[in-house]
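Where a number appears in this text, it was derived from the coordinates with a stated rule and is not lab data. If you're wondering where the values come from, they're calculated on a predicted model, not measured in any experiment. Using ideal geometry, Cβ is built from the backbone for each residue, glycine included, and neighbour counts are taken over all protein chains shown.
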Amino acid sequence: MRKLRKVIAVQQAKRRIYLDHNATTPVRPEVVEAMLPYFDERFGNASSLHGFGQENRGVLDTARGHVAALLGADAEEIVFTSGGTESDNLAIRGTIKARRRPGVAPHVVTCVIEHPAVLATCESIEKEGVEVSYIPCTSDGVVRLDLLERAIRPETVLVSIMLANNETGVMQPIQEVSRLVKPHGITLHTDAVQAIGKVPIDVNTLGVDLLSISAHKLYGPKGIGALYVRRGTPLEPVYTGGGHEYGLRPGTENIPGIVGFGESCRISKERLEEEMERISALRAMLEEGILKDPGDITVNGSGIARLPNTSNIIVSRVEGEAVTLNLSMFGFAVSSGSACSSGKSEPSHVLLAMGLSPTDAQGGIRISLGIDTTEEEIRSFLEVFPKVVGRLRELSPLKEHS
Ligand SMILES: *Cc1c(COP(=O)(O)O)cnc(C)c1O
């Protein structure tokens, strides 16, 4: 009996299909392997003068090089942090600290569809006397460039616009934003956490000064990330402590994390083109299937540039949360709303900003594919999905209203 239960559990575990890679990703086995020695044999503090520490200085430089190479940056422009949230905080708060002038309220421009790591940070600095403009987006989920241009003032010190949206995958026109803001000497930050490892990124082509990334969204470990800081960009640390990370981020380096992050960037660069092609073919198959059956579904941002792995759909007359929970019973992991606000059943701030009604926005589901996604998985998803939606639509309390 016990044995049978175990067999069933193993089979169920096997049948779990993960389609939520924008929330987080599994760590690549090669990355785990690269990290392991740094927990025990090579535990030294890289700041120590003795051999235990010194043998780890080199690995920090190597990892920095791998991260920089994926961004077209120099190794000295990479500052390791604890992840995307901290990088966004360092970019925004650190720029304000460095560029604040006595008697002048600094001004920041951002967009309504940003990740909470940027939005909540901007709301917080407003309480510290910083003025913030939140630029709306189009119905496709792209920042309104015309309004952004008009928002720029002499006091504007920072513009922060994400590279790709985490919920819809929609790419933001950062090169154009750069062209608008650079002549004014404004610092340009982009949150590239969702784009890194999914599309090619070059900091010089983009024309950004600061760029945030995180390892756990590209098959690396959680709790490690980086901020790219273009040489000469005014920035002050947010934390006080030692002089680590070029004086911008004190604290003993997370060496296993940094080694894993470096390795995940190195592998990602090697396989990027190939994976982009494979994953976008799978996404096309997924969306074609979803649109055919059960019908009455829209794909957000399908007409414009999107990340190749993300599908954000609106299923009319049902709640995204109900679909997500029902799919989960069949072993499929997708997300409704944004992962960071799940637990609350509020409609996504991104979908509302795109002009969807609260009822339609409740029907939003994000399916995000990854390097471990197979054609077989998409096929079984397409078998289960119409059944789940069909059943929910029959039961749906939203049925009458739309
Ligand atoms: C996940 C995510 C973050 C937060 O990164 P963490 O490493 O989890 O702190 C920030 N911005 C975007 C766009 C994200 O998708």
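Only Lys, Arg, Asp and Glu count, each charged at its Cβ (+1, +1, -1, -1), so figure out the dipole size of the chain about its Cα centre, rounded to 20 debye.
The dipole magnitude comes to about 700 debye.
At most 11 other Cβ atoms within 10 Å and a DSSP loop assignment: could you name the trypsin sites (Lys or Arg not before Pro) in the range 96-163 that fit?
127
So what are the ³J(HN,Hα) numbers for the range 290-305, from phi and the Karplus equation (6.51, -1.76, 1.60; θ = phi - 60°), rounded to whole Hz, Gly and Pro as x?
For the range 290-305, the Karplus curve yields 5, 6, 6, 8, x, x, 6, 10, 10, 9, 6, x, 5, x, 10, 4 Hz.
Amide H neighbours of residue 170 under 5 Å, counting only residues 5+ apart in sequence or on other chains, H built in-plane at 1.01 Å?
Here the answer is 165, 307, since their amide H atoms fall under 5 Å of that of residue 170.
Does the range 61-191 classify as rounded, prolate or oblate by the C-alpha gyration tensor (a ≥ b ≥ c root eigenvalues; a/c under 1.5 gives rounded; else a/b over b/c gives prolate, otherwise oblate)?
Judged from the Cα gyration tensor, the range 61-191 comes out oblate (a/c at least 1.5, b/c at or above a/b).
Quick one: work out Rg over Rh on the C-alpha atoms of the range 259-344, Rh as Kirkwood radius.
Over the Cα atoms of the range 259-344, Rg/Rh equals 1.04.
Under the definition of Cα pairs under 8 Å and six or more residues apart, what whole-number percent is the relative contact order of the range 29-268?
28
Quick check on the range 99-164: what does the Kirkwood estimate of hydrodynamic radius come out to from the alpha carbon pairs, in Å?
12.3
Output needed: percent of Cα pairs per 20 Å distance bin for the chain, bins running from 0 to the one holding the longest distance.
27, 54, 19, 1
Run through the DSSP bridge list for the chain and note the antiparallel percent, rounded to the nearest 5.
Roughly 55 percent of the beta bridges in the chain run antiparallel, per DSSP.
Nearest 500 deg cm²/dmol is fine: what mean residue ellipticity at 222 nm does the chain get from its DSSP H runs of n ≥ 4 alone, each adding -39,500 (n - 2.57), divided by its residue count?
Mean residue ellipticity, 222 nm, calculated: -13000 deg cm²/dmol.
Any idea what the dipole of the range 95-192 comes to, in debye rounded to 20, about its Cα centre with Lys/Arg Cβ at +1 and Asp/Glu Cβ at -1?
Approximately 480 debye in magnitude.
Looking at the range 29-268, send over the antiparallel percent of its DSSP beta bridges, to the nearest 5.
Roughly 40 percent of the beta bridges in the range 29-268 run antiparallel, per DSSP.
Stretch residue 105-residue 33 to full length: gain in nm at 0.36 nm per residue minus the Cα-Cα span?
Net length gain for the segment: 21.0 nm.
Could you work out the longest stretch of the chain that avoids the GluC sites (Glu not before Pro) located in DSSP loops with at most 12 other Cβ atoms within 10 Å?
So the longest stretch without any such site is 129-402.
Considering only lysines 8 or more places apart in sequence, or on different chains, count the pairs in the chain whose C-alpha atoms sit under 18 Å apart.
Pairs that pass both the separation and distance tests number 9.
Under a crude label model (7 Å from the Cα following the beta-carbon direction), how far is residue 50 from residue 281 in nanometres?
In this crude spin-label approximation the distance works out to 5.5 nm.
How compact is the range 29-268 by the rule of thumb for globular proteins, expressed as Cα Rg over 2.2 N^0.38 Å?
1.02
For labels at residue 330 and residue 298 in the simple 7 Å Cα→Cβ model, what's the distance in nm?
2.4
Counting other Cβ atoms within 10 Å, keep those with at most 13, restrict to DSSP loop, and tell me which trypsin sites (Lys or Arg not before Pro) in the range 184-261 are left.
Filter output for the range 184-261: 231.
For the range 150-158, what does the Karplus curve 6.51 cos²θ - 1.76 cosθ + 1.60, with θ = phi - 60°, yield as ³J(HN,Hα) per residue in whole Hz, taken in order and with x for Gly and Pro?
Values, residue by residue: 6, 6, 5, 10, x, 7, 5, 10, 8 Hz.
Among 374, 267, 328, whose Cα projects farthest towards the positive end of the dipole of the chain, with charges put on the beta-carbon of Lys, Arg (+1) and Asp, Glu (-1)?
Projecting each Cα onto the dipole axis, the largest value belongs to 328.
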